[in-house]
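Here the structure comes first, spelled out in structure tokens, and everything after it is commentary.
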Amino acid sequence: MTNSNKPVLLLFIAAILTSCTKQKSLELEVINSTFLDMVGTHYYNEPAPPAPYRPIHPDSVYGETEDLIELTIELDGEKNEPKDSLTKANELELERDSLINEFNKFDWENYRQDSVEWQTFLNNPKKDKRNLILLVNDSLLAPRLDYLDLSHRLTEKGFRENIQLEDSWRQLVIKLVESGLRSEHLNFKNLTNVGDYQLRPVNFESTENDRVVASLTFSRVVFNQDGTKACYYYMEHCGPNCGYGYLVFVERTDGTWKLKTKHQLWIS
């Protein structure tokens, strides 16, 4: 390579790096602008206690007894004979008597007082004084949605029926899902629109003063050609059997990115 070509090459490399930096900055800007729209503020309050226990009268459960057909089952060479109808009836009667006894002896006055206190707590929730921790994946992931059947929702008709946005938004979802994006590092410390939450890495070890409320994952953000519309995928896990995933649609209005709408893809 001649010396005369080196400046051209350096300018080319600089242009690529500038473009990548600008893209990352835009993606972070979109996520930051819609962060609280997605997480919400419902975690600010102390978790509600479980509803007070009350027994159920057996007649409200069983109603009319239906005839049951029992089969003889053979497991590991041993036959487990079904119980005869008389034995079964006696067991059901004993269980019913036990439930009625519990129902009649239950302290209903105390239950009413506990119910009033519980309802009062729900109507006047207390702000949680602990550190509210959100665990954030440190990568903007390339969305892998193969396990979801989006074939109908990504047709013109399906998109219009399910998400109720114009076709340009559908093209963004297709771009997000099919463009083969690579994951990029997310420096979540640069997220500022986080309300009362504190952001921590997924391997954060909490103390008694911390309340870890959820873990968050964001995908790469895709944009339309003129940079006025954006779309990304968002996942939130709030417990062992609690979580959901959304397609997030964002629009630039008066120089600011604002949530257009969100579409839930799954919930558990």
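Summary table below
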item: Long-range amide H partners of Ala214 with built H, under 5 Å; result: Leu135
item: Other-chain or far-sequence residues with amide H under 5 Å of Thr261's (modelled H); result: Phe249
item: Solvent-accessible surface (1.4 angstrom probe) belonging to Glu93, in square angstrom, nearest 10; result: 90 Å²
item: Alpha-carbon centroids, the range 126-159 and the range 166-208: separation in whole Å; result: 9 Å
item: Accessible-area ranking of Glu156, Glu46, largest first, probe 1.4 Å; result: Glu156, Glu46
item: For the range 123-268: relative contact order, % (alpha-carbon pairs under 8 angstrom, 6 or more apart); result: 26 percent
item: Surface accessible to a 1.4 Å probe, Thr256 within the full protein complex, Å²; result: 60 Å²
item: Residue-wise HN-Hα coupling along the range 159-170, computed from phi with Karplus coefficients 6.51, -1.76, 1.60 (Hz; x: Gly, Pro); result: 5, 5, 6, 8, 10, 6, 10, 5, 5, 4, 6, 4
item: Additional length obtainable on full extension of the chain from Lys262 to Asp84, 0.36 nm per residue less Cα span; result: 58.4 nm
item: Cβ charges +1 (Lys, Arg) and -1 (Asp, Glu), total dipole of the range 129-173, debye; result: 340 debye
item: For the range 219-233, Karplus couplings with θ = phi - 60° (6.51, -1.76, 1.60), whole Hz, Gly/Pro x; result: 9, 4, 10, 10, 10, 6, 5, 8, x, 10, 10, 9, 8, 8, 10
item: Sites matching trypsin sites (Lys or Arg not before Pro) across the range 142-234 that sit in DSSP coil, with at most 10 neighbouring C-beta atoms within 10 Å; result: Arg144, Arg182
item: Amide H within-cut-off set for Gly243, under 5 Å, with H built and near neighbours excluded; result: Cys238, Ser268
item: Accessible area of Leu26 in the full protein assembly, 1.4 Å probe (Å², nearest 10); result: 50 Å²
item: Derived scalar couplings ³J(HN,Hα) [the range 178-188; Karplus, 6.51 cos²θ - 1.76 cosθ + 1.60; whole Hz; x for Gly, Pro]; result: 10, 7, x, 5, 9, 5, 10, 5, 10, 8, 5
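The values are calculated or read from the model by the stated rules, or taken from the named source; none is laboratory data. Bear in mind that the values here come from a model prediction, so they are computed numbers and not experimental data. For neighbour counting, all protein chains shown are included, and Cβ atoms are generated from backbone atoms with ideal geometry for every residue, glycine included. The accessibility values were calculated without ligands, DNA or RNA, using every heavy atom of the protein model including side chains. Shrake-Rupley method; radii C 1.70, N 1.55, O 1.52, S 1.80 Å.
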